[in-house]
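Have a look at the structure below, then the notes.
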Amino acid sequence: IYNTQWESFALNEISYNKGRLDYFGVKEAGDYYEKLMGMAFNKMAELLKDNGLVVTYFAHSSPKAWIELIEAGWRRANLRVSRAWNFATESAQRVTARGKTALESSIVVIWRKKGHSENVGDYGEVYKEAFESAVRTKERGWRTGLTSSDLFLASMIGALSIFTSYDRILKFGKELTSRDIIRESYAIATRVVANATDVIRSPEALFYLASKALYRVYTKPEGQLALTGIPVEPIILSSQDVIILSYGFLKEKVEKKEKEGVKMFEKSGIIRATEKTIGAKVAQQKTFTLIEPLDPSLKGIKEVLGVKGINPIRMEASGRRLTCVDILHLLEYYAKQGRGEFDIAYRTLYNRYPSLVREAVEMAKVIARFLNDPECSLARLCLKYVEGR
């Protein structure tokens, strides 16, 4: 018998409130949350008519939270996501958003019962359908005012709704799990918001382009602007931002270690840690700067190469392999020195790293369309010299 009404009902709430669970002696918060979520969806499915709807409101960007939602609804309760929408429900200035990958919208997810006949999909065909759905959802979301994290999540939901419309999806004869389809949906969303072509495949390129797109192209203008209208402030990413944009590219064995994405992009010279943290003490996160040219001058791009530990003469990076992002910055550096220097550098790099150069050129094509990005003019100059060769 509990002393208060709160104590008698608190454990029935489906929540990750670790302090509350510690109070009641629950050791594994995640397992308890997943258990209650599964029980709730099973009960809803039991009461649901064949043509009925289950409507859930969800406001999480965490891959883990989405895995548990899909595991409970799609896998355990035999429901499918038929539609999902973003609704603006939060204030951008709210105190609880500080220091987090804060969403300004909640996701309304519509669930239906699956059909009586099993619908089994082939991975290749389902992936194509999911990708096209994510593209449509992103474009619709952007037109209706979604930005940044909300636009990413809308794109992810666009893909996810297709994956969950099937009872089972087979990839080389193996059935995809809830974790698999969430990872695929996040990967599709990153590719879609990055505006990446088929040639752009490396995690470094996709992360770099997606970061620029989400937090510079598909965002609300704020802060100081240059005379040309180009933001002069660097892109600052929280650790959760990095985790979300990298989750789809983590190998299956390390995806549970979500911070592997942070380590991967720090090591490859895509981001660097800042000295400050953001948020209240109870929810502080490390922040990272996207390493990119903010000043499209020769001096500006040379400084970027220095930060990345790249010797532009030897065309080598200190202590690591070059990535396609490094190649792009090297091409931009030599493009600022004229066509002759660019042609020599291009031939040298192409002889050493042909696939990286091809990917870097494709990246330049994407960035050249980011009109409010300070790297746009550098990308266009590279393309001018490449096309004139």
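Taken together, the values in this text are just the output of simple stated rules run on the coordinates, not laboratory data. Just so it is clear, the structure is predicted and the values come from calculations on it, not from any experiment. So basically every Cβ, Gly included, is an ideal-geometry build from the backbone, and we count neighbours across all protein chains shown.
Which cross-chain or sequence-distant (5 or more) residues have an amide H under 5 Å from the amide H of T274, H modelled 1.01 Å from N in plane?
Those lying under 5 Å, H to H, from T274 are T287, F288, T289.
So how much slack lies between N78 and M39, counting 0.36 nm per residue of separation and subtracting their Cα-Cα distance, in nm?
Residue separation times 0.36 nm, minus the Cα-Cα distance, leaves 12.8 nm.
For the stretch 292-388, what is the relative contact order in percent, using Cα pairs closer than 8 Å and at least 6 residues apart in sequence?
The normalised contact order for the stretch 292-388 reaches 29 percent.
Stretched out fully, how many nm does the piece from T348 to K263 gain, at 0.36 nm a residue minus the Cα gap?
Gain in length upon complete extension: 27.6 nm.
Provide I313, I243 in ascending order of the number of other Cβ atoms located within 10 Å of each residue's Cβ, fewest first.
Going from sparsest to densest Cβ surroundings: I313, I243.
Let me know the number of lysine pairs in the stretch 292-388 closer than 13 Å at the Cα, not counting same-chain pairs under 8 apart.
4
For labels at D167 and L53 in the simple 7 Å Cα→Cβ model, what's the distance in nm?
That separation, rounded to one decimal, is 2.5 nm.
Restricting things to alpha carbons, tell me how big the stretch 292-388 is in terms of Rg and Dmax, in Å.
Taking only Cα atoms of the stretch 292-388, I get Rg and Dmax of 12.0, 34 Å.
Assuming 0.36 nm per residue, please report the length gained on full extension of the stretch N372 to E316 beyond their Cα-Cα distance.
Here the segment from N372 to E316 would lengthen by 17.1 nm.
Using a simple spin-label model with points 7 Å from Cα along the Cα→Cβ vector, what separation in nm is obtained for N119 and R380?
4.6
If I model a spin label as a point 7 Å beyond the Cα along the Cα-Cβ vector, how far apart are those points for I236 and E139 in nm?
Placing both labels 7 Å along Cα→Cβ, they lie 3.5 nm apart.
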